[in-house]
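Presented below is the structure to which this report refers.
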Amino acid sequence: MSPIPMTDEECRVATEALSDQLDLYADLLVKKGAAVRPGQELVVECPVERADFARRVVAAGYRAGAGHVTVIWDDDAISRLTYENVDVDWFRHTPSWKVEQLNSLAEAGATFLFLEGSDPSALKGIDPAKPAAASKARNTECKSFRDGMDFGRNVWCIAGVPVAAWAREVFPGASDAEATYRLWNLILSVARADGDDPESAWETHNASFEKTKRFLNGHRFDSLRYEASNGTNLVVGMNPGHVWDGGAARTQDGTTFFPNIPTEEVFTSPDRARAEGIVYSAMPLVHAGQIVRDFWLRFEAGRVVDFGAEQGAEVLRHIIETDDNSCRLGECALISKNTPIRQSETLFFDTLYDENASCHLALGMGFPECLEGGVNLGKEELLARGVNQSVAHVDFMIGTDDLNVWGVCEDGTEVPVFENGQWAWE
């Protein structure tokens, strides 16, 4: 039997009842995610539709001692109008004022909080070359901003907020008001922010990563072998001195923060030259406002040499061809199916959430912190030691319920790591 729909008035009252919980969520994002320090600049990027929550975050920032809070607004409708009406050549460079804005904030030591919420199909029908060019330009020309996050100089956090178009995709058939209310509840739940003390809940959650990281870092596998009934048959080589990370991150000056809220993954950067075989997607990929479904990638000597998709193949091609190294892997992440996001049985159509419900790989940029001493190396040195360098970093989900993963030792011995979509010891 279908649930009885809520009226808009019932949704308004129910959402108002979440007020105290949303304040706790805002505090969690500011204190644990963005780790704001007294006197520091906090930069908040937010969809204009969630200005109500942005105000809570700004208030939380000042309560935490921020010296100043800068808010940068996003709007799906304006983005679409821009892509519809402006030639692709315009997007090949970032406006000088935007470069100055982001670089100067990063150079001044700001912490960045990205509140993510958008229509998964906002750019359906738009030439994918346009958002691809814009993304490449921003990641190339806003160098201090990008390197500050990639090399552990700036704190950053990505967290979710609901907008109506996204909520309708997650809860089809519900009214905008009901879908948004239900998505708020789901976001709070999977972010462990629905209790009395979310900050303490995150300290407990963070401790849960240690056993898994200890197992993986203790074995120092030479490679991982993936196999699933959908056709996935892939071997990914590991770098000598690779490090598995997960949970809290740390900047070079020792500040502890959470880059993703929620997060369930342990991850490393593999050897960029050692991926062999084929891998099939387990979930849709939402990228630059467009959806890629039912796709596969074939790797040889670390490079994607062939690919296909039932929907969004051209979007996938632009990802792979972003630059010379976006066809190589920068990340492999392991996530059990026994997590709150997976157990919610919800497809979020948003990578922040769906990647934390499923083992995933990422094309493009690798992580310096996933190599011993990597944060002290330059880009050419990281490349030489197998950590991929690219202006892209695009996660895609491969974790089926029957995925098996083996860690392969240097002598060829295989150790079970994943059995049927969960850790071998679960």
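Summary table
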{"read-out": "Per-peptide average of other Cβ atoms within 10 Å, ordering 28-36, 181-189, 349-357 highest first", "value": "28-36, 349-357, 181-189"}
{"read-out": "Accessible area (Å², per residue) of segment 181-247, counting only protein heavy atoms and a probe of 1.4 Å", "value": "40"}
{"read-out": "Quotient of Cα Rg and 2.2 N^0.38 Å for the chain, N being how many residues it contains", "value": "0.95"}
{"read-out": "The chain, helix-only ellipticity at 222 nm - DSSP H runs n ≥ 4, -39,500 (n - 2.57), divided by all residues, nearest 500", "value": "-9500 deg cm²/dmol"}
{"read-out": "Order of exposure, largest accessible area first, which applies to THR204, THR400, THR140 with probe 1.4 Å", "value": "THR204, THR140, THR400"}
{"read-out": "Estimated inter-spin distance, LYS211 and SER121, nm [label 7 Å along Cα→Cβ]", "value": "4.3"}
{"read-out": "Efficiency of FRET between THR7 and VAL305 - r from beta-carbon atoms, R0 56 angstrom, step 0.05", "value": "0.55"}
{"read-out": "PHE348 accessible area, 1.4 Å probe, all protein chains in place, Å² to nearest 10", "value": "0"}
{"read-out": "VAL69 - accessible surface, heavy atoms, 1.4 Å probe, Å² rounded to 10", "value": "20"}
{"read-out": "DSSP beta bridges in the chain [antiparallel fraction, %, rounded to 5]", "value": "75"}
{"read-out": "Ranked order, LYS143, LYS379 - accessible area, probe 1.4 Å, largest first", "value": "LYS143, LYS379"}
{"read-out": "Note, ³J(HN,Hα) from phi for segment 242-248, Karplus 6.51, -1.76, 1.60, rounded to Hz, x at Gly and Pro", "value": "5, 10, 8, 10, x, x, 5"}
{"read-out": "Contour excess over end-to-end distance, with Cα ends at ASP89 and GLN252 and 0.36 nm allotted per residue", "value": "55.0 nm"}
{"read-out": "Inter-centroid distance (Cα atoms) of segment 16-38 relative to segment 358-387, Å", "value": "31"}
{"read-out": "Segment 249-260 - phi-based ³J(HN,Hα) in whole Hz, Karplus 6.51/-1.76/1.60, Gly and Pro as x", "value": "10, 9, 7, 4, 8, x, 6, 8, 8, 10, x, 10"}
{"read-out": "Relative contact order computed over segment 90-214 (Cα-Cα under 8 Å; 6+ residues apart), in percent", "value": "27"}
{"read-out": "Length-normalised contact order of segment 287-426 in % [C-alpha pairs under 8 Å, at least 6 apart]", "value": "20"}
{"read-out": "Within-15-Å neighbourhood charge of ASP401 [Cβ basis; K, R +1; D, E -1]", "value": "-4"}
{"read-out": "Accessible area of segment 254-363 belonging to carbon and sulfur atoms, whole % at 1.4 Å probe", "value": "42"}
{"read-out": "Calculated FRET efficiency for the pair ASP294/GLU314, C-beta based, R₀ 22 Å, to 0.05", "value": "0.90"}
{"read-out": "Residue-level accessible surface for ASP196, protein heavy atoms, 1.4 Å, Å²", "value": "150"}
{"read-out": "Accessible heavy-atom area order of TRP406, TRP73, TRP166, highest first, probe of 1.4 Å", "value": "TRP73, TRP406, TRP166"}
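The values are calculated or read from the model by the stated rules, or taken from the named source; none is laboratory data. It should be emphasised that the depicted structure is a prediction, and the values quoted were computed from it without experimental measurement. A quick note on method: Cβ atoms are made from the backbone with ideal geometry, for glycine too, and the neighbour counts reach across all protein chains shown. Remember, those area values only see protein heavy atoms, side chains included, never the ligands or the DNA or RNA. Shrake-Rupley method; radii C 1.70, N 1.55, O 1.52, S 1.80 Å.
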